[in-house]
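Chemist: Here it is: the structure, laid out below.
No lab work stands behind these numbers, since they all come straight from the coordinates. Model, not experiment: these values are computed from the prediction. A quick note on method: Cβ atoms are made from the backbone with ideal geometry, for glycine too, and the neighbour counts reach across all protein chains shown.
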Amino acid sequence: MTREKVKVWIFSFEYAGIAKVGGLGEVPANQAKYLKNDFEVTVFLPSHGQIEQLKGVTELEKLPFTSKHQVDFNQDGITELKFSCEISYFKCKLNGINIILLSGENSTTSKYIDDPIVYNPETLSCKILIYSIGLRLYVRNIVENGGNTLPSIVHMHDYHVVIPFISIKQELMKNGMDVASLITIHLLTWPRYGIDFYYACGINRAPIKTLLNEGFKSLTIQEIFDLCKDSQKAGEEYNPPSVEKIGAICSDLVTTVSKSYLYSDIIPNLGKSLIDFKSDFVWDGCDWDYEETYKNVIDKLGNEICEVLQIPNKSLITKTHMKDYLLTYKINHLKQSPLIKSEKVLSAINEISNGDPFIKNGVIKAFDKSGPLVIATGRISHQKGFETILEAIPEVIQIIPKAKFLLLLLPTEYSLNEIKKYAQFVKKYPKNLRIVFGIAAEIFQIAHIGADAYCALSRWEPFGIIALEAMASKLPVIATKVGGLQESVIDIRKDPENGTGILINKDNPSEFAKMLINLLLLAELSERFKDSNGNEEREKLKIINLIPDELLKSYAIRDIDFYTKIRENCIKRVNTNFRWNIVTKKLISLYKKLLELF
């Protein structure tokens, strides 16, 4: 007889394949792949306007009930909360995982929960509210119909789903049931709502069972607010507690994505002794396969590479060819403009560019010549430290004039000022810098395969999947010594046998410039001289003597192909420690621990 799998519900605002803004979207989607063998997994998220798009990808079933609720709430900064909330539910499977999408059944509800901009500041609060009401009424419907599909565990991803979780926990406890819970904080953002907003989201004054150091205790939402207030530092002005802190106290287990972030940020800021006994970490992972990625690039772009660079056949294409093609041709010949969903962002970019071929959304001017390639990717925000790269350019090109910087950046409505600032650097360094704004899937893989160095210069970074994606592409990483980056990247200066890149201090353009020069010169030595016969000794020594770091200079003297060793270390590091099937094993063990509590 087959044992029935334990049911797990995952609450998230992002899920790769449906809606993804940053690294968060990859985590529940990839964890679910390896959880489904042991658990029956269902993911709940707002539709974010993706219903029609999903109809072309999977079989979508509209569930035979609609939830209705009258919203009547006023609060400064949150408008139009007097409306009839009508929510429908769509069910589908994606890669074998059950997905439930909450969508608006009338225009006002749809305006918020179906907004395709996941974190639109103008609709986010209402999206959270509708999602919360929708989940509570969904659970109520299940209870009224026997309750046999209810979960044993709810796994929350970030703060957006905390209030909805508390709401369904109350609904279950009202009916003599309960559920184990786990929250994963991917990034602290300090959102705060007054208690009246919690009530508007469907939470009432009934207590919920809350795990404290002394054991389980029944607490109302007001008592949980008071508990957070008591843990504030003396003399601090009172603000409502962050939703993240409320979520940490209400959860049976608190996790984050690296050991560093757990002890430096999560425990100190989300309750200290209120949560330290029930806190842990689970690394993020990456399943990028180098050979598969390389083959994808050749299959999709190989014929064009051969035509542009006049190469006889695709089997002769090298990493250097890919780089030359990308820099001198492809960025000027994209088949479609990089995807930007926000009209406000598009308008800002068009205003900034004013016809400038280096900046506009879509086809941008290619470089006249190729050169050592540095790439960075990610969402534009102060956190990501892209300014450090831009400010280091003059120091780098003084030693390596041909260096090229290609930034593939995702702009958001929160980053309009940064877009304007970055555009000035593009105008200043037209021979060395290009920024592609938006999702440029057409060149994302070839940029990783063809580049010589990847930059992950975050000011803070709980984990940093971007570094894993680079290393899985055999691309050495220069990263800041923050959060999870210092756990995934191994500094070649400290461990040359296993090193995958270089770790530096944050906000230090000069240090970054020197380390990047080191790495690019090591790459040039490997590319030009690994198969040389000794007749180019003078040219070789000239490059070696340009390496600023004496230790790395000594490595280059001993092994002219040291850079290739770093590349191989990169993929070995990911294969050994960070594949999703490896990191998810710890999550499975935490789930089993949770079940022992109930």
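Chemist: Using the Karplus curve 6.51 cos²θ - 1.76 cosθ + 1.60 with θ = phi - 60°, work out ³J(HN,Hα) for each residue of segment 319-333 in order, rounded to whole Hz, and write x for Gly and Pro.
Modeler: Each residue of segment 319-333 in turn: 4, 5, 4, 4, 4, 4, 4, 4, 6, 9, 9, 5, 5, 9, 9 Hz.
Chemist: How high is the relative contact order of segment 6-285, in percent, counting Cα pairs under 8 Å that sit 6 or more residues apart?
Modeler: Answer for segment 6-285 is 15 percent.
Chemist: Could you sort out which of K7/K259; K300/K572; K553/K585; K209/K481 sit more than 30 Å apart by Cα distance in this structure? Before the final figure, lay out the partial values.
Modeler: Working: K7/K259 28 Å; K300/K572 26 Å; K553/K585 41 Å; K209/K481 39 Å.
Distance filter (> 30 Å) returns K553/K585; K209/K481.
Chemist: Share of Cα-Cα pairs in segment 6-144 beyond 26 Å, in percent?
Modeler: Cα-Cα pairs of segment 6-144 separated by over 26 Å account for 22 percent.
Chemist: Another question, if that's okay. State the Kirkwood hydrodynamic radius of the chain in Å, one decimal place, computed from all pairs of distinct Cα atoms.
Modeler: By the Kirkwood definition, the hydrodynamic radius is 25.8 Å.
Chemist: Can you pull the one-decimal nm distance between simple spin-label points at N145 and R459, each 7 Å off the Cα toward Cβ?
Modeler: Computed distance between label sites N145 and R459 equals 4.9 nm.
Chemist: Kindly provide the pair-distance distribution of segment 319-581 built from C-alpha pairs, with 10 Å bins from 0 and whole-percent values in order of increasing distance.
Modeler: 7, 31, 37, 19, 5, 0
Chemist: Let me ask something else about it. Among the listed pairs K33/K586; K365/K404; K278/K384; K82/K245; K369/K494; K341/K421, which have their C-alpha atoms separated by more than 24 angstrom in this model?
Modeler: Pairs exceeding 24 Å: K278/K384; K82/K245; K369/K494.
Chemist: Here's a follow-up. If you wrap segment 306-372's Cα atoms in a convex hull and average its projection over all directions, what's the area in nm²?
Modeler: Result: 5.7 nm².
Chemist: With the contact rule set at Cα under 8 Å and sequence spacing of 6 or more, what percent relative contact order holds for the chain?
Modeler: Across the chain, relative contact order equals 11 percent.
Chemist: When the Karplus curve 6.51 cos²θ - 1.76 cosθ + 1.60 is applied with θ = phi - 60°, which whole-Hz ³J(HN,Hα) does each residue of segment 5-13 get, with x for Gly and Pro?
Modeler: Taking θ as phi minus 60°, the curve returns 6, 5, 8, 10, 9, 10, 9, 7, 9 Hz for segment 5-13.
Chemist: Something else: Any number yet on Rg/Rh for segment 537-598, C-alpha, Kirkwood?
Modeler: Radius of gyration relative to Kirkwood radius: 1.42.
Chemist: What percent of all Cα-Cα pairs in segment 486-598 falls into each 10 Å bin, going from 0 up to the bin containing the maximum distance?
Modeler: Answer for segment 486-598: a P(r) of 13, 35, 25, 14, 8, 5, 1, 0 percent.
Chemist: Restricting attention to segment 231-307, which GluC sites (Glu not before Pro) occupy a DSSP loop and are surrounded by at most 13 other Cβ atoms within 10 Å?
Modeler: Sites meeting the loop and neighbour criteria: E236, E237.
Chemist: If the viscosity is 1.002 mPa s and the temperature 20 °C, what Stokes-Einstein diffusion coefficient in µm²/s follows for segment 358-490 when Rh is the Kirkwood radius over Cα pairs?
Modeler: It diffuses with D of about 142 µm²/s by this estimate.
Chemist: Taking the dipole about the Cα centre of the chain, with the C-beta of Lys and Arg at +1 and of Asp and Glu at -1, give me whichever of A479, Y119, Y290 is farthest to the positive side.
Modeler: The listed residue farthest towards the positive side: Y290.
Chemist: Looking at the chain, identify the longest residue range that excludes and avoids all trypsin sites (Lys or Arg not before Pro) in DSSP loops having at most 11 other Cβ atoms within 10 Å.
Modeler: The answer is 4-204.
Chemist: While we're here: How much length is gained on full extension from K572 to K82, taking 0.36 nm per residue of separation minus their Cα-Cα distance?
Modeler: Numbers: separation 490, 0.36 × 490 = 176.40 nm, distance 5.58 nm.
In short, 170.8 nm is gained.
Chemist: Taking θ = phi - 60°, what integer Hz values does the Karplus form 6.51 cos²θ - 1.76 cosθ + 1.60 yield along segment 576-593, in sequence order, with x for Gly and Pro?
Modeler: Using θ = phi - 60°, the values come out as 7, 10, 10, 6, 4, 5, 7, 5, 6, 4, 5, 4, 4, 5, 5, 4, 5, 5 Hz.
Chemist: Checking the cross-link filter: which aspartates and glutamates have an alpha carbon closer than 19 Å to that of K91, excluding same-chain neighbours under 8 positions apart?
Modeler: E14, E40, E52, E59, E61, E105, D114, D115
Chemist: Pairing the Cα long axis of helix 441-450 with the longest principal axis of the chain, what angle in degrees results, from 0 to 90 and rounded to the nearest 10?
Modeler: 50 degrees
Chemist: Can I ask one more? Based on Cα positions only, what radius of gyration and what Dmax would you give for segment 6-285, in angstroms?
Modeler: Cα radius of gyration and Dmax of segment 6-285 are 17.8, 57 Å respectively.
Chemist: Right, something else. I'd like the GluC sites (Glu not before Pro) in segment 1-92 restricted to DSSP loop residues with at most 10 other Cβ atoms within 10 Å, sorted by number.
Modeler: Answer by residue number: E4, E59.
Chemist: Need the C-alpha centroid separation for segment 572-598 versus segment 425-499, integer Å.
Modeler: 26 Å
Chemist: Could you work out how far helix 386-399 tilts from the main Cα principal axis of the chain, as a 0 to 90 degree angle to the nearest 10?
Modeler: 10 degrees
Chemist: Filter the GluC sites (Glu not before Pro) in segment 483-576 down to the DSSP loop ones having no more than 16 other Cβ atoms within 10 Å, then list what survives. Let's see the in-between values first.
Modeler: Working: sites: E487, E497, E511, E524, E527, E536, E537, E539, E550, E568; in loops: E497, E536.
Taking segment 483-576 and a limit of 16 other Cβ atoms within 10 Å, the loop GluC sites (Glu not before Pro) found are E497, E536.
Chemist: Once Rh is set to the Kirkwood radius over Cα pairs, what Stokes-Einstein translational diffusion coefficient, in µm²/s, holds for segment 236-327 at a temperature of 10 °C and a viscosity of 1.306 mPa s?
Modeler: Taking Rh from Cα pairs, D becomes 91 µm²/s.
Chemist: Please list, or write none, the lysines whose alpha carbon is within less than 16 Å of the alpha carbon of K295, excluding same-chain residues fewer than 8 places away.
Modeler: Candidates past the 8-residue exclusion: K314, K319, K323, K474.
Chemist: Please list, in chain and number order, the residues 5+ apart from L410 or on another chain whose amide H is under 5 Å from its amide H, with Hs placed from the backbone.
Modeler: G378, R379, I380, G438
Chemist: Count the DSSP beta bridges whose two residues both fall in the chain, then state the antiparallel fraction as a percent rounded to the nearest 5.
Modeler: 35 percent
Chemist: While we're looking at this one, here's another question. Find how much the distance from K33 to F598 grows on full extension, using 0.36 nm per residue of separation minus their present alpha carbon separation; answer in nm with one decimal. Don't jump to the answer; show the numbers that get you there.
Modeler: On the way: separation 565, 0.36 × 565 = 203.40 nm, distance 2.53 nm.
Extending this stretch completely gives an extra 200.9 nm.
Chemist: Given a Förster distance of 25 Å, report the FRET efficiency between E550 and T320 from their Cβ-Cβ distance, rounded to the nearest 0.05.
Modeler: Calculated value: 0.30.
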